[in-house]
Each structure stands twice: as structure tokens, then as C-alpha cells.
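Enquirer: Attaching a single structure in C-alpha cells format; questions to follow.
The values are calculated or read from the model by the stated rules, or taken from the named source; none is laboratory data. If you're wondering where the values come from, they're calculated on a predicted model, not measured in any experiment. Backbone-built Cβ (ideal geometry, glycine too); neighbour counts: all protein chains shown.
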């Protein structure tokens, strides 16, 4: 192909900037966060066998904490009544393993409360989430938690600038902003001059509310009320506002898209819920998990049991509603695996619509939009037609393998997939810069391949016999 074009077959517009691939699972106390680990299958204990009196003591302790703390007192009472009824009827009599007993009680609680933040677990040693009474032990616990956060880059996995000046940010946890704030600020400041930002929360299970506030503050030009929170134990309603000061440039005029799925939970839902209700973000993907409560963790050292109790509920300041049990409904619903492509296309179309004439930016955006539409839904071309395109065109080889058409370009080791825009015109998957169109003679024989560029120019290579 003619090398005078700045957009060649060898071009690449997507540049990955960050990639933290190591995953550490960190559970947090006094925060938004799921309790999935509390009810996972564990091997039965060989060291401990529960007596009936111990099971009664566990029910007493759980009931006391639920009645004291749980955000819905009438539900706490129902849970207590159900546990005591089952205990009286002997339904727990055959359970001797403490881990299994904790799982069964967790299931009983969840069937009544339908609250995924709630749960009970047996643990010989205090878990990461439980605060220590001894100051030195608590200091060590916090140091270990921060060390784990650092190892995981505070949940921030990828920051990338996509073609068309669209930014992409994936993070999988809302870490405490006291420790993770600098990383969050660095990620957002990297996108200071983007036209749109896609935030990927599809793998985010929650965390700390103060990180929700910090991140949200970048997307408003003035202090804005995000959420209210009612604490049952304190009988008090508090408010969460964005900050008047942020380190760096505000992104209040940037188009914002948030990707969600079923596993998006708790603090991640709070972020999506608030920005959706304030008309600041478009939610794309699947309905979220439905956890709108903050939680508190307790440990009974004598019984070796740990309990997570939702102590407060978040609410929309205007309606008083939240997402507990129902999730955050996306504005644009699609399978989670298609959410990024869908949001990217929406972003490009919106940028294109407001871009005026002059230069070639508008044409380039239209070219990108067309590329992404083809990538999302390529035309189905029959095998016979695809096979007819196989051959050598100058330095380029087109091959038909595995029922698909591929291109082998000079200087590249791997073949690249071709996706059909029409029966005779293809994009290269992963390279938006060029199209390939196959030319036929009057007899329908393929005689050449053309490399097409967005400025209307082209390069032509005859097919070798």
C-alpha cells in the first residue's frame, strides 16, 4: 500500500496505558460491600462440633444484633422468630458443624430479608473485615488492608484512550479514598481533555462511600447532593454531597457512560444510581445486584462467629427511593459482554453529532462509527463468496480458514480477522483505519483488492494468478 497515507494497514489507534492484572479480594467493614464470601462452601470443621446449647447461644447473639442494628426492625424480628421456631422444632438438630450452621442461618436470614449484605460465618481467627479491640492489632489489620489495596492498585485496572477521544476507565472496587484517592485522581486527570468517558463497573462489587463522593465530584461544576442515608441505630439521616474542590480539571462537560451488570453491587450501584438520577450519566448494560445498605461487622470471639448487619439505607434525596432488592435499571439495556461496544458507539455518535465542519474530524468520527457498527454486527457472507476472495494481492495475503476470512499483512506475524460490511467490503478487526474492498470483473471473478481510506483515497493491488 502507498505509504504516503497517515492511516495505513499497520496503524493502531487504541493505546493501552494502564493494566493491573493482579486480583486481591478485600472485604471492608463499615462500608458498602457484598457478603458473598460469607456463605460460600467451606470444608466442615473437624475441631468443633456444635452442641445444642451453643446453637442456642448463636441464635441469641444474632437476634440481639439484628434487633439492635438492622435497618428494618420489623424484618429483624421476623428473622428471630423464624430461627427460634426452627430451633424449637428441631430443624437444626442434625447440624453439628459450625460452618454449615452459619451457612444455614445465613440462608434463613436472606430468605426473609432478601438482603445480600447480610450474613453469618464461622471463623477460628478474626477475618479481615472485623475491627480489633486491641489498638496494636487494629493497626496491623489496617496496614495489611492498605498493603492489599496497593497490590491491587486500589481496584483500578485499566485507563485507556480510545479512538475518537473517548476515554475508558475500569475499576473493580471503591477503596477507601484516604488511601486510594491519589490513584483515582491520577486516573481521572489522565482524561482531562477527553470528549466522553466510559466507566466500567461490571466487575465492581462495592466498597467505601467516600470514594463514591470523590469520583462523583469530578462530574459536576458545583456542589451537588448525591444521596441521603438513614441510619436506624442513630435514627438520623445524613447527606452525601460532591466536593467544592477537586485536584485537577473538572469533567462536568464530558459525556459520561457507566457499564453495569448483575455483579455490580453496593457502592458501585450507589455511584450509578446517583449519577443516573441526576441526569449526569447514561447507564449501559445489565440491571445491577440490588444492595443499597451500608453494613457493620461484629465478631463473637467465644462463639467464633462473625455477623454482617446492614445498619443504614441509601436513598434518592427527591423520591426517598433506592435500589435495594431491585437494582439500578440501565438506560440502555444490553448483554453485559456487549456493554462496552454499545457505550462506545453511543459516545462516538454523540460527539459526531455536535462536531462542526472543518478539517476532517467529522469525517473521521463517521468512519469510526461505521467501523464499530460493522464490528458489532457484521454481515453474514457465505463460505463460497469468502473462499473466492482468498489469494495474494501484492504483498498482502487473504486466507480462508475456520470458516472465516483473514488478512496477512507484511511485517505482521499474526493473521487478522476480516468482518463484512457488505458482501464485498470488509473491516479489519482491531484496525479502524482502513477498509478492504474486493473488485470483480464482468464475469464475476475477483481481480483486485482495494485499500480504502476515510479521506476517499485508495490503493489497489491486482490479484495474482
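Enquirer: If you scan segment 275-300, which residues turn out to be in contact (Cβ under 8 Å) with a residue 24 or more places away in the chain and in a loop (DSSP other than H, G, I, E, B)?
Expert: Passing the criteria: 278, 280, 281, 286, 287, 288, 289, 290, 291, 292.
Yes/no matrix, rows are residues, columns are (1) in the same structural domain as residue 325 (by TED's automatic domain parsing); (2) surrounded by fewer than 17 Cβ atoms within 10 Å (Cβ to Cβ); (3) touching a strand residue (DSSP E or B) at 6+ places or on another chain (Cβ under 6 Å):
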residue: 226; (1), (2), (3): yes, no, yes
residue: 232; (1), (2), (3): yes, no, no
residue: 250; (1), (2), (3): yes, yes, no
residue: 254; (1), (2), (3): yes, no, yes
residue: 262; (1), (2), (3): yes, yes, no
residue: 273; (1), (2), (3): yes, no, no
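Enquirer: Give the number of residues within segment 238-248 that are touching a residue at least 12 places away in the same chain (Cβ under 8 Å) and in contact with a strand residue (DSSP E or B) (Cβ under 6 Å, 6 or more places away or on another chain).
Expert: Summing the residues that are touching a residue at least 12 places away in the same chain (Cβ under 8 Å) and in contact with a strand residue (DSSP E or B) (Cβ under 6 Å, 6 or more places away or on another chain) in segment 238-248 gives 3.
Enquirer: Only one of (1) within 25 Å of residue 339 (Cα to Cα); (2) without any contact (Cβ under 8 Å) to a residue 12 or more places away in the chain fails for residue 374. Which number is that?
Expert: Answer for residue 374: the failing condition is (2).
Enquirer: Now for a separate question. Given the condition surrounded by fewer than 23 Cβ atoms within 10 Å (Cβ to Cβ), in a helix (DSSP H, G or I), modelled with pLDDT of 95 or more and in contact with a strand residue (DSSP E or B) (Cβ under 6 Å, 6 or more places away or on another chain), answer yes or no: does some residue in segment 323-332 qualify?
Expert: Scanning segment 323-332 turns up no residue that is surrounded by fewer than 23 Cβ atoms within 10 Å (Cβ to Cβ), in a helix (DSSP H, G or I), modelled with pLDDT of 95 or more and in contact with a strand residue (DSSP E or B) (Cβ under 6 Å, 6 or more places away or on another chain).
Enquirer: Restricting attention to segment 98-141, which residues are touching a residue at least 12 places away in the same chain (Cβ under 8 Å), part of a loop (DSSP other than H, G, I, E, B) and surrounded by fewer than 18 Cβ atoms within 10 Å (Cβ to Cβ)?
Expert: Those that are touching a residue at least 12 places away in the same chain (Cβ under 8 Å), part of a loop (DSSP other than H, G, I, E, B) and surrounded by fewer than 18 Cβ atoms within 10 Å (Cβ to Cβ): 114, 123, 124, 126, 127, 128, 131.
Enquirer: On to the next question. Could you please give the count of residues in segment 159-174 that are surrounded by fewer than 18 Cβ atoms within 10 Å (Cβ to Cβ) and within 18 Å of residue 207 (Cβ to Cβ)?
Expert: 0
Enquirer: Got a sec? Which of 120, 162, 169 is modelled with pLDDT of 95 or more, farther than 24 Å from residue 219 by Cβ and in contact with a strand residue (DSSP E or B) (Cβ under 6 Å, 6 or more places away or on another chain)? Steps first, answer last, please.
Expert: Working: 162 fails: farther than 24 Å from residue 219 by Cβ; 169 fails: farther than 24 Å from residue 219 by Cβ.
On inspection, the qualifying residue turns out to be 120.
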